[in-house]
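Colleague: Here's a structure for you.
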Amino acid sequence: MKNEFYQHKKSDKIKWIITGIAFVLAFVMIAGICMQLFGNDKLKPSNWFKKTECVHIDEDADGKCDKCKKDMPDDKDENTTADGSGLVVKPVSTRLMKLTATPMTASADEDNYVNSDASTYANTNSYTLTATITPSNATNQSVDWSVAWNSASSTWASGKTVTDYVTVTPASDGALTATVTCKKAFGEKIKITVTSRDNSTYSANCVCDYSKKVVGFTVQNYSRTYTNTFDSFSFTEKTDNLTLTVTNYYFRYYGFQESLTYSDYTVDDTFTISYKSTINAGYKSYLTAAGLTPKNDTIEGNFVWGGAAFFYHSAALPNDTVIKNRSFCGFSDTQANQAVNIAKQHTNVAAYNWTITCTGTNSTYTYSVPVYFAASSLTISATGVSLNNSSFLF
């Protein structure tokens, strides 16, 4: 009898335990549903076991996160020049120090060049850097600015003074704003650092790169001689002007080549090249004064005309079915002869400018070469043939 009573009592106890567990599980399930529907972020059960992303901090400004030791991600507010300068600036903020950059207008003032050979250096380009200290009500808001090579021992930077290339100038002693100025092209990264005077453990930095730029252009020596004298062509390497000595019509696919000179750089770039010919306004005025109006002021493409061919020239190019007038001016043969007579009086004036433009991601280079006609290239074309008699009787 006692054994039955004990077994019955034990059975009731188990039932109460199971019932209690069921109530607890039901409560947890209902609570979980409510938290999933009405909670946010970490309160949602679906987020309890998610891997937490590292909030990167780089207070020692070494380019790696102080917590996860991985490389710092690129700053979303990266500033890249697009005004003809090769300077590329990337501000990197930290937890208690924010740094932003605003590009300023590039200057072509030659006084800003470090070296008299300005063609090998960049136009002065500047950024305004602004530091923001956290919290905003910090008593001491003063900072110090410094500039240094990212790797002073690198092959390119060794023995060079960083401030010959990039300078940082605070608006005033301890100011939160400063001007970063690029003096000339450089081949090693440069780092700008701003540090809190109140607590030197807090700082932010800005990495300065220099994008590859075209800084020079020359024409390589080239000559082409064919049985037809109108196809003969001679091009001597020059950078200041071109004087064409024979009547000719010339196209790039014949093999003409240009030679480009590049700046120092830390970021490589590729360039697309385009060409344009524009008639000299003074030269055009001589023609229009005589009642001759060229059909073009500007032509896009790598075409070079010499002498009489500038006014009138017939040629058939590949895929052409007929011979066409390929000259710049598009005159008739009679008009061309009139224009040649005028041109012979003005060989000291450039007939047109041949312009090359190299366009990259961060810079554009333009070079224009004035083209002159030698007297030997200005030939009068035959416009007809006649005989003094049309028949003979013997």
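The values are calculated or read from the model by the stated rules, or taken from the named source; none is laboratory data. From a predicted model like this one, the values you see are computed outputs, not experimental measurements. Backbone-built Cβ (ideal geometry, glycine too); neighbour counts: all protein chains shown. Each accessible area value is taken on the protein alone, full model and side chains, heavy atoms only, with ligands, DNA and RNA left out. Shrake-Rupley method; radii C 1.70, N 1.55, O 1.52, S 1.80 Å.
Colleague: Where in region 355-384 does the label zone of I323 land, with the point 7 angstrom along Cα→C-beta and an amide N cut-off under 13 Å?
Modeller: Hits in region 355-384 for I323 at 13 Å: 382-384.
Colleague: If you don't mind, there's one more thing I want to ask. So what does W145 come to for accessible area, using a 1.4 Å probe and Å² rounded to 10?
Modeller: Looks like 40 Å² after rounding.
Colleague: Another question, then. How much length, in nm to one decimal, is gained on full extension between T169 and S142, taken as 0.36 nm per residue of separation minus their Cα-Cα distance?
Modeller: Working it through step by step, the gained length comes to 8.3 nm.
Colleague: Rank these by accessible area, largest first, 1.4 Å probe: D268, D164, D173, D209.
Modeller: Final ranking, largest accessible area leading: D173, D268, D164, D209.
Colleague: Continuing with this model, one more query. Please compute the length gained on full extension between H346 and L393, using 0.36 nm multiplied by the number of residues separating them and subtracting their Cα-Cα distance.
Modeller: Full extension of this stretch gives 11.9 nm more.
Colleague: Order L242, L25, most accessible first, counting only protein heavy atoms with a 1.4 angstrom probe.
Modeller: If we order L242, L25 from most to least accessible, we get L25, L242.
Colleague: Quick one: which residues, 5+ away or cross-chain, put their amide H under 5 Å from the amide H of H313? H built at 1.01 Å from N.
Modeller: Here R326, S327 satisfy the definition.
Colleague: Out of residues 5 or more away from V369 or on other chains, whose amide H comes under 5 Å of its own, with H placed 1.01 Å from N in the peptide plane?
Modeller: The list, which skips near neighbours in sequence, is W354, T355, I356.
Colleague: In the full protein assembly as shown, how much of H346 is accessible to a 1.4 Å probe, in Å² to the nearest 10?
Modeller: Approximately 40 Å² for this residue.
Colleague: Something else now. Could you calculate the contour length gain from T19 to T364, that is, 0.36 nm times the residue separation minus the distance between their Cα atoms, to one decimal place in nm?
Modeller: Full-extension gain reported as 116.2 nm.
Colleague: 5 Å is the cut-off here: which amide hydrogens, built 1.01 Å from N in the peptide plane, fall below it relative to Y262, excluding neighbours closer than 5 in sequence?
Modeller: When sequence neighbours closer than 5 places are left aside, the close amide H contacts are V215.
Colleague: With a 1.4 Å probe and every protein chain left in place, tell me how much accessible area L387 has, in Å² to the nearest 10.
Modeller: Here the residue's solvent-accessible area equals roughly 150 Å².
Colleague: Whole-Hz ³J(HN,Hα) for each residue in region 331-346, computed from phi via Karplus 6.51 cos²θ - 1.76 cosθ + 1.60 with θ = phi - 60°, x for glycine and proline: what do you get?
Modeller: 6, 6, 5, 5, 5, 4, 4, 5, 5, 5, 4, 5, 4, 4, 8, 9
Colleague: Suppose accessible area is computed on protein heavy atoms with a 1.4 Å probe; arrange C206, C68 from highest to lowest.
Modeller: C68, C206
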